[in-house]
Amino acid sequence: MDATRTDIIIAGAGYVGMATAVALKSSAPHLGVTVIDAAPAGVWRNDTRASAIAAAASRMLDKLGCWQSILPEAQPINEMVVTDSRTADPVRPVFLTFDGEIEPGEPFAHMVENRLLNASLREKADKLGIVFIEGAPVHGFEQGDNGLTVRYGDEESLVARLLIAADGVKSRLRDMAGIKTVNWEYGQSGIVCTVAHERPHNGRAEEHFLPAGPFAVLPLKGNRSSLVWTERTADADRLVKEDEFVFDAELEQRFGLKLGELRVEGPRKAFPLSLTLARDFIKPRFALVGDAAHGIHPIAGQGLNLGFKDAAALAETIVDADRLGLDIGSIAVLERYQTWRRFDTVQMGVTTDVLNRLFSNDNVPIRALRDFGLGLVERMPRLKGFFIRQAAGLSPTAPKLLQGQSI
């Protein structure tokens, strides 16, 4: 490889883009992999959010050699409880509980701070010799006979056999490729912040279904929790701009005082929520992964884990094709990836959409119906076991990395 050519370019250095790069380079060291990111170097260190890493994703990270450095700071989710109530209700009855283990000693998910996740992936990428180009947005790309030319930064260019877009839900590269999307706004925003509390959470996660949307409390290391608090967009925008007294009062009303006094740590931000599904995941020499392919409601906490499934499936598709001597950027090769991932993605998008519409309202007959359904699931251990394994991302048809196997 010379300085103007590589095999694979990944546009976007978020978690999914980095996981894709590491999975490819770990499994096929001879492939040249370059990551181009629009953000300046080091910006990722300012990410104060946290993510739920499902068991399948942690198996993949372990196989890639990243999980060992993450695990000491990862908080296992030992229990998950679901309630359904109004904001002012003095008691929130628990309708559904999940034991956090899918196997003895293996929780169905861990909570990991985003900066730690990114740091581990970047450290591994450096060791593998993955090339980074940061602070350089991609301006465009053109197809050639045996590759495509990607233009980035200050009129620089690089020729590759495949371009992977991992540049987020508002992907510019997706638009450049002419890929249309199915999209609608929910009129909701998710307020994200970290809260410190007096008493330990004991690894218990809670999801309170309130009329405006779910209020999720997710345990972090120490006496801290990550919140994903869904409100109507106008209310969310107002809340994040309020002074500490008003915000804390609204927070306490929803969080309660079972864990003692609360204190918000770091910034509080609101992110508009929508459903975005790409109509195609591929074009010749071009593939979408992560939020560039699908943006879903956070009600089930599966957004990042869907992206890790994309990374594992695309890496396996490319590596298998390369071993057979096939053109890794051909539409015939990439079609396997699209077939593998599109149905699962659409299914999860529809599921989260239905759940949000079912639970983000205060209609009395609908509340009675959904509470009956939750109670029914609570009394069926096998069905609960099925749901917890689905949430953990474990499936016989999952890519090898998600099963803890090498490609």
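For the reader, a short list of remarks on this structure follows.
- P(r) tail, region 188-283: Cα-Cα pairs separated by more than 16 Å, 56% of all pairs.
- Percent of Cα pairs exceeding the 20 Å cut-off, where the set is region 114-195: 55
- Expressed per residue, the C-alpha convex hull volume of the chain stands at 137 Å³.
- Counted charge near Asp237, where neighbours are those whose Cβ lies closer than 11 Å (Asp, Glu -1; Lys, Arg +1): +1
- Normalised size of region 60-194, defined as Cα radius of gyration per 2.2 N^0.38 Å with N residues, equals 1.53.
- Degrees separating the helix 303-323 axis from the principal Cα axis of the chain, which is the longest one: 20
- Neighbour net charge for Val289 - beta-carbon separation under 12 angstrom, K R +1, D E -1: 0
- Scaling against 2.2 N^0.38 Å puts the C-alpha radius of gyration of region 300-380 at 1.64.
- Rg/Rh (Cα only; Kirkwood hydrodynamic radius) as it applies to region 214-359: 1.12
- Computed over the chain: relative contact order in percent, which uses C-alpha pairs under 8 Å that are six or more apart: 22
- Per-pair calculated FRET efficiency, R0 = 41 Å: Asp175 and Arg379 via Cβ, rounded to 0.05: 0.30
- Electrostatic dipole magnitude of the chain [Cβ: Lys, Arg +1; Asp, Glu -1; Cα centre; debye, to 20]: 720
- Taken along its principal axes, the alpha carbon cloud of region 318-361 reaches lengths of 54, 15, 11 Å, longest axis first.
- Unsatisfied cross-links (Cα-Cα over 23 Å) in the set Lys25/Lys309; Lys269/Lys384; Lys124/Lys180; Lys63/Lys384; Lys63/Lys283: Lys269/Lys384; Lys124/Lys180; Lys63/Lys384; Lys63/Lys283
- Column: log10 I(q)/I(0), Debye, Cα scatterers of region 15-103, q = 0.12, 0.16, 0.17 Å⁻¹: -0.62, -0.88, -0.94
- Among residues other than Ser360 with Cβ under 13 Å from its Cβ, the summed charge is -1 (Lys and Arg +1, Asp and Glu -1).
- GluC sites (Glu not before Pro), loop per DSSP, at most 12 other Cβ atoms within 10 Å - longest free stretch of the chain: 1-154
- Per-residue ellipticity at 222 nm, computed for the chain from helices alone with -39500 (n - 2.57) per DSSP H run of at least four residues, works out to -11000 deg cm²/dmol.
- Amide H to amide H, with H built 1.01 Å from N, Ala50 comes under 5 Å of Asn114, counting only residues 5 or more places away or on other chains.
- Region 204-250 - Debye-derived log10 I(q)/I(0), Cα point model, q = 0.25, 0.26, 0.31 Å⁻¹: -1.01, -1.03, -1.10
- Remark: the Glu335-Ala41 segment gains 102.5 nm on full extension, using 0.36 nm per residue and subtracting the alpha carbon distance.
- Ordering Phe343, His30, Leu257 by the projection of their Cα atoms onto the charge dipole of the chain, which places +1 on the Cβ of Lys and Arg and -1 on the Cβ of Asp and Glu, puts Phe343 at the extreme positive end.
- Nonlocal amide H pairs with Ile10, under 5 Å, H built at 1.01 Å: Thr34, Val35, Ile36, Ile164
All of the numbers you see were taken from the coordinates with simple rules; none came from a lab. Because the structure is predicted, anything quoted here is derived from the model rather than measured. No Cβ is skipped: glycine too gets one built from the backbone with ideal geometry, and neighbour counts run over all protein chains shown.
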